[in-house]
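The values are calculated or read from the model by the stated rules, or taken from the named source; none is laboratory data. This structure is a prediction, so every number in the text was calculated from the model and none was measured. Here the Cβ is made from the backbone with ideal geometry for all residues, glycine too, and neighbour counts use every protein chain on show. We work out accessible area using only protein heavy atoms, side chains counted, and drop any ligands, DNA or RNA first. Shrake-Rupley method; radii C 1.70, N 1.55, O 1.52, S 1.80 Å.
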Amino acid sequence: MPKKIDPQLRARCMRLVREHQQEYPTLSAATAAVARHEVISRESVRRWLAQAEVDHYQALTREPGPAK
């Protein structure tokens, strides 16, 4: 069973990667550094970032529903 991660930790990790991405040669390096700092899996941070991109894209392309 997957471990339940605190939503605040998830948000903090994603924010840190975005804020410090310019300090690293690649997104993977920034992701790894944040994961080490927060003592969590690099893969978890990578997946959270990927899902956030998907969610953002879907929100941009979603057609508005009928007005209520």
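Looking at (1) β-branched (Val, Ile, Thr); (2) touching a Cys at 6+ places or on another chain (Cβ under 8 Å); (3) not in a helix (DSSP H, G or I), can you tell me which one Ile5 breaks?
Condition not satisfied by Ile5: (2).
Within the group Glu43, Glu19, which residue is part of a helix (DSSP H, G or I), free of Cβ contacts under 8 Å to residues at least 40 places away in the same chain and under 11 Å from the mean Cα position of the chain (by Cα)?
Result: Glu43 is the single residue among Glu43, Glu19 that is part of a helix (DSSP H, G or I), free of Cβ contacts under 8 Å to residues at least 40 places away in the same chain and under 11 Å from the mean Cα position of the chain (by Cα).
Yes or no: Arg62 modelled with pLDDT under 95 and either of a type in the set (D, E, K, R) or open to solvent by 60 Å² or more (accessible area, probe 1.4 Å) (or both)?
The answer is yes for Arg62.
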